[in-house]
Amino acid sequence: MPAIPAFRKSTVTTMTDRLPHSRPTVRTLGAVFALFVAVAGPVSAQAALFAGTGRTDAPAEAGPKPTAPEPIAAGDIPLRADADERFAQGVVQRAQGRDPSKKLGAELDALTAGIVKLAKVFDNEDLKQLAAIRLESLDNHWEFYQRELDRWRTRLDSTTSSYTEDAAELARRRGAWEATRQAMLTGGVTPALIDRVNVIIDQFTLAERALSRPLDEQLKLRRRANTVQSSIDAGRKGVDTAIAHYDRRLGMIDATPVWKAWNDTRFNAAELKGTEAGLRLETAFMEEWGAANQPRLRAYKFGALALLPLLLWLSRRSRRTATTEPSMQAAAKVLQRPISAWLLLTLIGVPFVFPDAPLVLHQTALLLALVPVLRLLPQRVFAVP
């Protein structure tokens, strides 16, 4: 083993001898650093001040001010008045037509009822006593309501955008006619044109009144949706708090052992209450999720039914074709039971195709999948030695 070289004293002496000569340099660097801090401090503070307002080096320039409506030329008043009168009448007809707020209000009522029912089942203390799988299912339930509310908002925006566009266009055109009437006060315009301008402004007033009713209903729906959103946020926050509490309890003994809790009536009553409440929630979740995902369920059923003839054809073909490859022989044995293979593929596909489905649906599908699995296993697995 080679010897470890000794640390030479001369090196230490040389380095020590050089330290006194470096002191002026250290003082100089310290002075430069202090000067840099003194100069950079105000600059950094100013940059932070600008950063708080979205600026980096200088105040942002003010945006262009909105321009005032320009009066309509006297020669354009007749044609412009006819076009705007037709527009105002069309707004009145659309406003008096079928109001989509009624259907949207009924959908929001149904969504609100489910959310209120879910929020009343467990309080924050009860959530801390639920098992992890129940908390996960409850979190999926709240996420389902969040998706439903987002879809409802999308439908509200798409069906009510025409009303807001009409309101904005009425305001824009009315501003031009108001500016025209103000310009006519100076004189030089025939009374017929003045009367025409007044008639158009009155038409716009009637259209705005007719449009105010559906717009008011839509604004009420949006305020109600904000309340529903607050309930969803509170529910999801409660579940997150319970999950965090559950994570902190991992490894801690916080329950009576099974062999002692069997005769504990308080333990059995609490477990029974939690189980019953969980089953009610899962049943309600299944009904709501199924009603909201009918198109997806129909498409999955159609795809599963289309898969069955394919497996039957492959089974018939595998029986006619002999092969010596082990992998092909294993596949041929599976295809000898096409119904079991079809049932297995259909059931194990549920968690992958419907990841947002209730956990009870996933568990039921995987539990039923054991039946075709047992049918497809080789006979030697069940042979008694």
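For this structure, a couple of remarks:
- Note on the stretch 307-329: residues that are of a type outside the set (A, V, I, L, M, F, W, C), modelled with pLDDT of 80 or more and surrounded by 15 or more Cβ atoms within 10 Å (Cβ to Cβ) total 1.
- Residues within the stretch 101-115 that are polar (S, T, N, Q) and surrounded by fewer than 17 Cβ atoms within 10 Å (Cβ to Cβ), tallied: 0
- Options D195, D139; residue that is surrounded by fewer than 19 Cβ atoms within 10 Å (Cβ to Cβ) and under 30 Å from A113 (Cβ atoms): D139
- Screening the candidates A269, A332 for the property of being surrounded by 12 or more Cβ atoms within 10 Å (Cβ to Cβ), more than 30 Å from R151 (Cβ to Cβ) and at pLDDT below 80 yields one hit, A332.
- Checking every residue in the stretch 235-245 against the condition of being among the polar types (S, T, N, Q), surrounded by 11 or more Cβ atoms within 10 Å (Cβ to Cβ) and either outside the structural domain of F87 (by TED's automatic domain parsing) or touching a residue at least 40 places away in the same chain (Cβ under 8 Å) (or both) gives at least one match.
- Verdict on R181 being closer than 24 Å to Q96 by Cα and in the same structural domain as D82 (by TED's automatic domain parsing): no
- Close pairs from the stretch 198-215: first without any contact (Cβ under 8 Å) to a residue 60 or more places away in the chain, partner acidic (D, E), Cβ under 7 Å, at least 6 apart: I201/E178
- Residue match in the stretch 368-379 (condition: at pLDDT below 80, charged (D, E, K, R), in a helix (DSSP H, G or I) and farther than 30 Å from D109 by Cβ): no
- When R86, R80, R151, R98 are screened for being of a type in the set (D, E, K, R), crowded, with 16+ Cβ neighbours inside 10 Å and out of contact with any Asp or Glu (no Cβ under 9 Å at 6 or more places or on another chain), only R80 passes.
- Among residues that are more than 40 Å from the chain's Cα centre (by Cα), surrounded by 14 or more Cβ atoms within 10 Å (Cβ to Cβ) and either polar (S, T, N, Q) or assigned to a helix (DSSP H, G or I) (or both), A179 is included.
- Residue check for A304: at pLDDT below 90 and either closer than 18 Å to L138 by Cα or in a helix (DSSP H, G or I) (or both): no
- Filtered residues of the stretch 150-197 (kept if touching a residue at least 60 places away in the same chain (Cβ under 8 Å) and charged (D, E, K, R)): R153, D166, E169, R172, R173, E178, R196
- Odd one out for Y163 among (1) more than 30 Å from L281 (Cα to Cα); (2) surrounded by fewer than 15 Cβ atoms within 10 Å (Cβ to Cβ): (2)
The values are calculated or read from the model by the stated rules, or taken from the named source; none is laboratory data. Given the structure is predicted, the values throughout are model-derived calculations rather than measurements. Neighbour counts run over all protein chains shown; Cβ positions are idealised from the backbone, glycine included.
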